[in-house]
Protein chains: 2
Amino acid sequence: MSEDKDRDLSRREFVQGTVSGLALGLAPAAVLAAASGKDADKTAVLAQIPKMHAENLKRLQEWIALPSIAAENRNFPQGPEYMAKLAQDAGFTGVKLIPTSGKPGVFGKIDAGARTTMAIYFMYDVKQFIPEEWSSPPLEARLVQKAGLGTVCMGRGAVNQKGPENSFLSALMAFKAAGKKLPVNLVLVCEGEEEIASPHFHEVIATPDVLAELKRCVGVFMPEAGQDRDGGVQVSLGAKGVVELELISSGEKWGRGPAHDVHSSLEAAVDSPTWHLVQALNTLVEKDGHTPAVEGFFDKAKPLTAAQEQMIKEHAAKTAEATVKQVLGVQHWVHDKNWVDSLMLLESRPTINIEGLVGGYTGPGGKTVLPHKAVAKIDMRLVPDMTAADTLDKLKAHLAKHGFADIEVNMSGGYDPTQTEPGSKLIQTQLATYRKLGLDPQLWPRSAGSWPGYVFTDAPLKLPAGHFGLGHGTGAHAPDEYYLIESSNPKVQGLDGAIASFVEYLYALG
Amino acid sequence: MSEDKDRDLSRREFVQGTVSGLALGLAPAAVLAAASGKDADKTAVLAQIPKMHAENLKRLQEWIALPSIAAENRNFPQGPEYMAKLAQDAGFTGVKLIPTSGKPGVFGKIDAGARTTMAIYFMYDVKQFIPEEWSSPPLEARLVQKAGLGTVCMGRGAVNQKGPENSFLSALMAFKAAGKKLPVNLVLVCEGEEEIASPHFHEVIATPDVLAELKRCVGVFMPEAGQDRDGGVQVSLGAKGVVELELISSGEKWGRGPAHDVHSSLEAAVDSPTWHLVQALNTLVEKDGHTPAVEGFFDKAKPLTAAQEQMIKEHAAKTAEATVKQVLGVQHWVHDKNWVDSLMLLESRPTINIEGLVGGYTGPGGKTVLPHKAVAKIDMRLVPDMTAADTLDKLKAHLAKHGFADIEVNMSGGYDPTQTEPGSKLIQTQLATYRKLGLDPQLWPRSAGSWPGYVFTDAPLKLPAGHFGLGHGTGAHAPDEYYLIESSNPKVQGLDGAIASFVEYLYALG
């Protein structure tokens, strides 16, 4: 589903070919410690990181071995209970499971007596996986050598999101080990349904004592492995919203066609719900086969600001289009747009995408049936100020208007877009921290993917929200997902450097 | 695939609700024997049938235990070798496997010194199956009680086509056991790829010595379980042709969109091969969502003759529309046609049907991908004088004309329509035999399904071709397929009655 690593994935695919001439020349934790220098407390905390390397890695591997998958009802309540134990071990107090209509959230806080309170968003669930597709068993979290990168930990959830989250917890444990107080107070909110589009996370947030604690925060961030393969980082100011749904055409609901699969010869005398679906789908896009044709779809879509366009132009100039095209296997952008304009579209355009088609016989070869049902799996991406509810209503109205009122629209998940001000303390501290660590972070208007930041950035909280963290990994939702442990490239941080980046960020926030 | 039981299936679904006042009052073999009476030889042969009941049933059960499935390359060469052994046991001589570019055919003959030579068409393969969907293990061929029917043998291939074929072989074994000569010479041609649309059966027929033997025949028939649940029988004069194919839209072939699945957020800037497929599909039917819109599709389609229309009207009058609708789960025929006109469509209209849609993510819930490929599984049914090759060409020309030349058209199987004259000896003898057995057979213009009869009815053989046999079964291609063994309804024949019907037919042909 749409979540941090989706965001990261789409972004990384566009920046993987970066030609920006960054020259960090950083070595992991030791250099970070030296670079941050003066503060004795911080030096003491950073000094713990290499000593705790083995236990930090082991904790990640053990967490990966327990996959919580809401779509499969896998490892509940073990998954949230394990999450709660991890939080307690890292020093969170008042840790508890927050019941929802779906899988429980997990809450905890650390009162360090600091002036500033920051919220942290975790997901403890992971995406489904098919072990046969992996080169290394996805729950064994083995260490694997990757040419040009170093040693990675390969397993489901390694980068999305257990690796970065474990690194953040490791940072807190370094404070504990050094006997130092945190420079900020923390509020932790975790969910277990991120991979099914966070259908109940708003219930966690709306829980009175959780809400009260969040209201004290200056912002919220999710730990991420924010470095691309060349070491570059972006600071994203938001994300598109998303609606995931199924369009289901069935003889039963239509009142035409068969109520169960019948022999295909009968199509001579019996309507086909599959043709009906094809016709309905065809109305959703213009003749160009791409532009959404749902009435009013773009009404609330805000155009990019001049500042946002500038960010895109800067990124385009630093990034090799040819490499991005090669990675994606794309020869032409839509409408044969140039590189800058393709990125403008990526950032500004709401979309209607077919994720999947499933109808009738789907196995090898053919089978002569007239299917009674056909399904299109759709995702719609939304930009500010579109909302999930309004867009869903417009889709339904469109279908009804065009004679497809019988087609079921089953929304399975989704949420509104999220946007955070570049001037917020959260973002400014991110930029400052990255720069202090020798990086040249690029601002980016929003992820074209999605994460449920709206629960923080919308009313009643209206908090700045983002992602932060050095380190590298990839393969979210795919086989052979990994998180970098020992980096062979000094520009890219491994486990210890990622942990150190969180220590730096916490001090900068404090 | 499209084969005898497809034909039967679609037909049976339309006649299952028959209200024709047939009153056979037949009991199984003994009565059939009495009814046929005079000929001492025949009486002696028929008398063997009840004695051989157990071994005839056992032979069927053992055959079902060995499923030959071309699509899965299952049980080759064991399947054709077993078929050859069955033929030898039934008295065929010169039995041999006929190699083809695919799975082998099986050939054999019986020279009884008779004036007439008849060809028999067998398929030794069966449809794929999913054991979990069955209430009885599909290869165990268990005996199961069915309310209103009696004892059935349940297993894959029970009715399509091993049951009827084994009954025909049992009839030949009854001649052997009685020490009587066959009244006709027989030529047996078997194929093992019927369920994948007989892509190489014409090679079997074209084998010089096979062709030479077939040229001596007055016609060809396939054994079937021809009785519906109420005992009624139809004599079908042909079948529609069929083309099965996949339409494949891919980024790779299109040169637009991604070459592999990418994150769905990229749809803002990247074309979607799935939308491309939806648009292509949409051009294949008229705005009514049903009528084929491929240019020239109907050009060669012959209208029904007055005689054919009369057959349909007679059938409609004898068959309860409401029951047929209930069985199919259909509330309205296409275009809201009445019962007679819906049957006219069934018989006269060529079709373009979507058997299946497969694109992107097809599992439970959603997955935010922009798929690089989407596939529609299509079958087209053809009426005389359309041909498979010409119709395929027209489809390809249509796609190219409408801007979809990149969409791959992969034909997986199919063949031309087949039609046999009602005045042929084959058909007249069928009608006479059924009537002699107390039934009132209905002539039917053609099956709306398909079987590869064209290899017999077209040049160079130009033989009449059809199906024959009493008995009952259903579930071809579906779970819980069965063939009736002990009938509790005197109007419907079980195993012994089905075998006896073949004895009667062979004498009538002789």
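The values are calculated or read from the model by the stated rules, or taken from the named source; none is laboratory data. Here the structure is a predicted model, which is why all the values come from computation and not from measurement. Don't worry about glycine lacking a Cβ; one is built from the backbone with ideal geometry, like all the others, and counts go over all protein chains shown.
Some notes on this structure:
- Failed condition for B:Pro350, given (1) in contact with a Leu (Cβ under 6 Å, 6 or more places away or on another chain); (2) closer than 21 Å to B:Ala239 by Cα; (3) crowded, with 24+ Cβ neighbours inside 10 Å: (3)
- Pairs with Cβ under 6 Å, 6+ apart, first in the range A:65-76 and of a type outside the set (A, V, I, L, M), second assigned to a loop (DSSP other than H, G, I, E, B): A:Pro67/A:Val126; A:Pro67/A:Arg156; A:Ser68/A:Asn75; A:Ser68/A:Tyr124; A:Ser68/A:Gly192; A:Asn75/A:Leu66; A:Phe76/A:Lys103
- Of the residues A:Trp339, A:Trp333, the single one that is of a type outside the set (Val, Ile, Thr) and at the interface with another protein chain (Cβ under 8 Å from one of its Cβ atoms) is A:Trp333.
- Failed condition for B:Phe129, given (1) at pLDDT 95 or above; (2) buried (at least 17 other Cβ atoms within 10 Å of the Cβ): (1)
- Which numbered condition A:Tyr415 fails, given (1) in contact with a Pro (Cβ under 8 Å, 6 or more places away or on another chain); (2) buried (at least 19 other Cβ atoms within 10 Å of the Cβ); (3) modelled with pLDDT of 95 or more: (3)
- For the range B:236-255, the set of residues classified as more than 7 Å from chain A (Cβ to nearest Cβ) and in contact with a His (Cβ under 9 Å, 6 or more places away or on another chain) consists of B:Ser236, B:Ser249, B:Ser250, B:Glu252, B:Trp254, listed by residue number.
- Filtered by the rule that a residue be over 20 Å from the mean Cα position of the chain (by Cα) and among the polar types (S, T, N, Q), the range B:386-431 gives B:Thr391, B:Asn410, B:Ser424, B:Gln428, B:Thr429.
- Meets criteria (without any contact (Cβ under 8 Å) to a residue 60 or more places away in the chain, farther than 19 Å from B:Lys394 by Cβ and assigned by TED's automatic domain parsing to the domain that holds B:Ile378) for B:Ala317: no
- Selection from the range B:390-409 of residues that are aliphatic (A, V, I, L, M) and in contact (Cβ under 8 Å) with a residue 40 or more places away in the chain: B:Leu392, B:Leu395, B:Ala397, B:Leu399, B:Ile407, B:Val409
- Criterion (surrounded by fewer than 18 Cβ atoms within 10 Å (Cβ to Cβ) and either among the charged types (D, E, K, R) or more than 17 Å from B:Tyr482 (Cα to Cα) (or both)) met by exactly one of B:Arg142, B:Arg156: B:Arg142
- Filter pass, B:Thr457 being in the same structural domain as B:Asn160 (by TED's automatic domain parsing), under 13 Å from the mean Cα position of the chain (by Cα) and in contact (Cβ under 8 Å) with a residue 60 or more places away in the chain: no
- Residue identified as assigned to a loop (DSSP other than H, G, I, E, B), touching a residue at least 60 places away in the same chain (Cβ under 8 Å) and away from chain B (no Cβ under 14 Å) among A:Leu182, A:Leu169: A:Leu182
- The single residue among B:Pro273, B:Pro258, B:Pro303, B:Pro350 that is facing chain A (nearest Cβ under 10 Å) and out of contact with any Phe, Trp or Tyr (no Cβ under 8 Å at 6 or more places or on another chain) turns out to be B:Pro258.
- Test: residue in the range A:259-274 that is among the charged types (D, E, K, R), surrounded by fewer than 24 Cβ atoms within 10 Å (Cβ to Cβ), at pLDDT 95 or above and in the same structural domain as A:Thr368 (by TED's automatic domain parsing): no
- Subset of the range B:355-389 (residues that are more than 7 Å from chain A (Cβ to nearest Cβ) and out of contact with any Ser or Thr (no Cβ under 8 Å at 6 or more places or on another chain)): B:Gly363, B:Ala376, B:Ile378, B:Pro384, B:Asp385, B:Met386, B:Thr387, B:Ala388, B:Ala389
- Options A:Leu277, A:Leu247; residue that is in the same structural domain as A:Asp393 (by TED's automatic domain parsing) and in a strand (DSSP E or B): A:Leu247
- Within the range A:261-270, the set of residues being within 7 Å of chain B (Cβ to nearest Cβ) and either of a type in the set (Val, Ile, Thr) or touching a residue at least 60 places away in the same chain (Cβ under 8 Å) (or both) comprises A:Val262, A:His263, A:Ser264, A:Ser265, A:Leu266, A:Glu267, A:Val270.
- Residue match in the range A:407-423 (condition: more than 22 Å from B:Val369 (Cα to Cα), more than 14 Å from every other protein chain (Cβ to nearest Cβ) and assigned to a strand (DSSP E or B)): yes
- Among the residues of the range A:442-479, those identified as aliphatic (A, V, I, L, M) and either assigned to a strand (DSSP E or B) or away from every other protein chain (no Cβ under 14 Å) (or both) are A:Leu443, A:Val455, A:Ala459, A:Leu461, A:Leu463, A:Ala465, A:Leu470.
- When A:Asp288 is tested against the conditions (1) surrounded by 24 or more Cβ atoms within 10 Å (Cβ to Cβ); (2) closer than 18 Å to A:Leu346 by Cα, the lone failure is (1).
- One residue alone among B:Val383, B:Val358 is crowded, with 21+ Cβ neighbours inside 10 Å and over 22 Å from the mean Cα position of the chain (by Cα), and that residue is B:Val358.
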